[in-house]
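To start, the structure under review is shown below, and the notes come after it.
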Amino acid sequence: MKISLALSLIIFAFIQLQLPLCSLAAEPFEKRVGWVRTPILYCTERMLNLDSSETAYQNAVGEKLSFGCKYLPVPLPAARASDLDALKVSGHYKMLGNMESGPASLFIPPEFESFKSRTLTETELFNEALRLESLSGGLVVFVHGCCADFESSMQKAGNLAIWTKQPVLMYDWYSPKGLDKYLANEQRYEQAKDGFFAFMDGLEKVVPAENITLVAHSMGNRFLDSYLVRRSEIQQGQDVKAFHATNFVAADVDAQAFANHEKVIARVGGPVKIFVSDKDEALMISGSARYARLGNPGAVLKKLSSCECADLLDVRAAGTGHDMPFWFIGEMFTDGGLHLPGFKLVKKGPRYFCLARSK
């Protein structure tokens, strides 16, 4: 029996707001061995906070898109400590000081003092994205989910950069926070998607699509879904310019609608991965108020798992709920195998895999 729309969406928003407190349960490979100051490129709808000495943005829509590069401290997992030299290529560097006291007590090594957060023009952003993509061999475009502010979304982008070992460009749409703002976020998506389409069209003119990996979380996946459908329609009858890969993580997208056009998505999205979990309570509640969501597809799982257009990855065993399993996403950026201890992938269908704990 479906619960009321208003109640379910309030609960959904509450779970969304609790995500920073419900992050990945501590695993041996999650041990922190320091903090890395990480550069994240961004395009944002938000209004620049002129009263802040940092590159910060208000929870309000600006008159036009803004661009920049922000450095932020991100925990360095032990599993990525040996990759620090590779991360340095795209501007990451380890902070010095007492690692146990948190980033506030750390300081920047003298040789990196010139590496500062800054605003950019759109042309400068595209050129910097091309430079980093050329150095690193790829670029990740990340779209955050609903009910998120600029800083918390930046932290997700930072973790994504550490685990994927690639530069990240975040598209930051204004998504109001609050227990009663879920419907407002859905409306904001409708208002913001055209700006995202135009931004991606511009980025592709500078950075080759085949070197761009798309990643989105929660409602941010609606941007990827609608953009890829539009892109396929535009390229109908033309040589396909597919992206390097597309990753739908905990997607708050109608599961049946996605299944109906999955082949269209795969045509232009490159190798497609869908991260699902039946323990994603936020999507369970969202689905109870409408239809099943892609990240927790319920009965639609059978149809999705039988289609050979995308990899279906069940991440229930990661224990992340509606949050992003950053380490697992990073593992899938390699050769598709697991290299961290304690887990394995169990094949359930032609392209359907379940993450499981090793005995």
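So the values come out like this:
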{"quantity": "Amide H within-cut-off set for D314, under 5 Å, with H built and near neighbours excluded", "calculated": "V276, F353, C354, L355"}
{"quantity": "Average accessible area per residue (Å²) across the chain - probe 1.4 Å, nucleic acids and ligands excluded", "calculated": "43 Å²"}
{"quantity": "Solution diffusion estimate, µm²/s, Stokes-Einstein, the chain, Kirkwood Rh from C-alpha pairs, 37 °C, viscosity 0.692 mPa s", "calculated": "159 µm²/s"}
{"quantity": "Cβ-derived FRET efficiency at R0 30 Å, K347 paired with E233, nearest 0.05", "calculated": "0.35"}
{"quantity": "Region 75-190: relative contact order as a whole-number percent, Cα under 8 Å and 6+ apart", "calculated": "24 percent"}
{"quantity": "Where the Cα pairs of region 212-341 fall when distances are cut into 5 Å bins, in %", "calculated": "2, 11, 22, 24, 20, 13, 6, 2, 0, 0"}
{"quantity": "Global size of region 313-359 as Cα Rg and Dmax, reported in angstrom", "calculated": "10.2, 26"}
{"quantity": "Nearest-10 value in Å² for the accessible area of E308, using the 1.4 Å probe", "calculated": "130 Å²"}
{"quantity": "Efficiency of FRET between L340 and E151 - r from beta-carbon atoms, R0 30 angstrom, step 0.05", "calculated": "0.60"}
{"quantity": "FRET efficiency for V89 and A56, using Cβ-Cβ distance with R0 set to 30 Å, rounded to 0.05", "calculated": "0.65"}
{"quantity": "Computed accessible area, K88, all protein chains, 1.4 angstrom probe, square angstrom", "calculated": "100 Å²"}
{"quantity": "Amide hydrogen neighbours beyond the local backbone of H92, cut-off 5 Å, H modeled", "calculated": "none"}
{"quantity": "Those trypsin sites (Lys or Arg not before Pro) in region 173-256 that DSSP places in a loop and that have at most 13 other beta carbons within 10 Å", "calculated": "K205, K241"}
{"quantity": "Estimated vicinal HN-Hα couplings, Hz - region 340-354 in sequence order (Karplus 6.51, -1.76, 1.60; Gly, Pro = x)", "calculated": "9, x, x, 9, 8, 9, 10, 7, 10, x, x, 9, 10, 10, 10"}
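The values are calculated or read from the model by the stated rules, or taken from the named source; none is laboratory data. These numbers were taken from a predicted model, which means no experiment stands behind them. Quick reminder, even Gly has a Cβ in these numbers, built from the backbone with ideal geometry, and neighbours come from all protein chains shown. SASA here: full protein model, heavy atoms, side chains in, ligands and nucleic acids out. Shrake-Rupley method; radii C 1.70, N 1.55, O 1.52, S 1.80 Å.
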